[in-house]
Amino acid sequence: MSETKERPLCQRLGWMAGIWLASVTVLGIVAYVIRLWLKG
């Protein structure tokens with residue numbers, strides 16, 4: 001068995017928060033573009 005050093009909890013939570021924030025931002029941009037496209 002290979003021993004893997006566990007990352008600190010705050011670092012893992014930071015990654016999860018960063019990924020969540022990026023996905024929410026991308027979804028917001030896509031929704032905005034679709035709204036503009038349907039309006040025009």
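Derivation of every value follows stated rules applied to the coordinates shown; laboratory data play no part. Because the structure is a prediction, the values reported are computed rather than measured.
Observations
- Cα point-scatterer Debye curve for the chain, base-10 log of I(q)/I(0) at q = 0.14, 0.23, 0.27, 0.31 Å⁻¹: -0.52, -0.76, -0.85, -0.93
- To the nearest ten degrees, helix 9-39 and the longest principal axis of the Cα atoms of the chain are 10 degrees apart.
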